[in-house]
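The values are calculated or read from the model by the stated rules, or taken from the named source; none is laboratory data. None of the values given here were measured: they were computed from a predicted structure. With ligands, DNA and RNA removed, areas are computed over all heavy atoms of the protein, side chains included. Shrake-Rupley method; radii C 1.70, N 1.55, O 1.52, S 1.80 Å.
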Amino acid sequence: YARAIANEMHAGFAALRKACVFNMNKTPEATELDASAQADVARVVEIWTQTRAKFPGEGPFLFGQFSAADAMYAPIVSRLHSYKVPVPADAHAYMETMMALPAWAEWTRDD
C-alpha cells in the first residue's frame, strides 16, 4: 500500500504541480485553483485520510511512524502550505506534523 501511494505521488497530481510550483521558501499566499487542481487536492486528502485510518500505528504520520511515504508527500505538504490551499482539519494536522519535523527546517534552509 505504501508503494502504491508513493507511486501515485511520483506519477500524479500534474494539475496541482502546475498550479502550485514547488518552493519551500515561498511566503504563503492564497491561490485560487482550477477544478483539476482541486480534484488533485481532494485525492491527496483522500489518500492521507484513508491511510491514517487504515494504518493508525503509533504516531501521527501516514503509517504511524515517519516513513518513505511521508517523505514522498512532503512536496505536496509544502505546496498546500505555500499556496494556502484549504484542507480539512485532519489533513491540516498531518501537514503541521510534517512541518514540525527537524528535517523540514533543514529542507527549508537548503532550498
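Computed quantities for the displayed model
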read-out	value
Residue satisfying condition, being open to solvent by 50 Å² or more (accessible area, probe 1.4 Å) and under 22 Å from Ala42 (Cα atoms), within set Ala89, Ala100	Ala89
Residues being aromatic (Phe, Trp, Tyr) and within 13 Å of the chain's Cα centre (by Cα) - total across segment 86-111	2
Tally, over segment 1-60, of residues that are open to solvent by 60 Å² or more (accessible area, probe 1.4 Å), among the charged types (D, E, K, R) and part of a loop (DSSP other than H, G, I, E, B)	4
Selection from segment 61-84 of residues that are of a type in the set (A, V, I, L, M) and open to solvent by 40 Å² or more (accessible area, probe 1.4 Å)	Ala68, Ala71, Met72
